[in-house]
Amino acid sequence: MITGTPGTGKSTVARLLSKKISFERVNISELVEKEKLFISWDKKHRTKIVDTDSLKVRLEEIAKKIDKDLIIDGHLAHFAPNDIVTHNIVLRAHPKELKKRLIKKGFQTEKIKENIEAEALDICLSEAVENYGREKVFEIDTTKRTAKEVMNIILRILLGKTRPGEFSPGQVDFLESVF
Ligand SMILES: Nc1ncnc2c1ncn2[C@@H]1O[C@H](COP(=O)(O)OP(=O)(O)OP(=O)(O)O)[C@@H](O)[C@H]1O
Ligand SMILES: [Mg+2]
């Protein structure tokens, strides 16, 4: 599972990875759209409210039905049930870099601000550790890396070829950069 704040590069890296190792890729936003797994529209945040219970059930069904390994990517990926997740990769990006990427992705100013703050506060990382425990969680700073380099780190993680603690959660700290 690849998670992280919008713009950290989940989909870019997940696409590269699924080509390289022919895992099936499931993108949470695409799944939510295709199967209409939302409850309502949040006017203030201009976003759909996802039906996370149904999302959880669907991810479990998909993982159990398919006889292939899966890469799940999305910032709501932490709704995947613990028993189907072997590795939870949290991608990080320095808020300044994230801002550039989100502008390029066409995000509105308010959304950019929200996401930069979420990134500085380690929101995705905390959710990951809370849901899956430190052992399954790996944190990669993408700021000065290419997507291919990030993909190669994930391959090393999957093969157990990283040094002890090399990508353990808690090593990235962007807090000072924003506040
Ligand atoms: N090291 C890197 N890894 C991944 N993406 C990178 C990296 N460096 C730059 N990028 C760029 O950052 C952008 C990330 O966009 P992408 O859509 O993959 O993010 P995302 O995390 O899937 O966002 P969302 O949550 O909105 O789906 C792309 O334009 C990608 O080319
Ligand atoms: Mg994406």
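The values are calculated or read from the model by the stated rules, or taken from the named source; none is laboratory data. Since the structure is predicted, the reported quantities are computational estimates derived from the model, not experimental observations. All Cβ positions, even for glycine, are placed from backbone atoms using ideal geometry, and neighbour counts span all protein chains on display.
Residue check: residue 172 meets all listed conditions (1) closer than 16 Å to residue 5 by Cβ; (2) part of a helix (DSSP H, G or I); (3) not small (Gly, Ala, Ser) but one, namely (2).
Quick one: which residue in 32, 57, 13 is within 14 Å of ligand 2 (Cβ to nearest atom) and more than 18 Å from residue 150 (Cα to Cα)? Checking each option against the conditions leaves just 32. If only residues of region 120-145 that are more than 23 Å from residue 82 (Cα to Cα) and touching a strand residue (DSSP E or B) at 6+ places or on another chain (Cβ under 7 Å) are counted, the one that is surrounded by the most Cβ atoms within 10 Å (Cβ to Cβ) is 142. Here residue 112 fulfils each of the conditions (1) within 9 Å of ligand 1 (Cβ to nearest atom); (2) crowded, with 19+ Cβ neighbours inside 10 Å; (3) assigned to a helix (DSSP H, G or I) apart from (1).
Modelled with pLDDT of 95 or more, in a helix (DSSP H, G or I) and aliphatic (A, V, I, L, M): does that describe residue 91?
Against the criterion (modelled with pLDDT of 95 or more, in a helix (DSSP H, G or I) and aliphatic (A, V, I, L, M)), residue 91 does not qualify.
Among the candidates 67, 42, 53, 73, the residue that is loosely packed, with under 11 Cβ neighbours inside 10 Å and not aromatic (Phe, Trp, Tyr) is uniquely 67.
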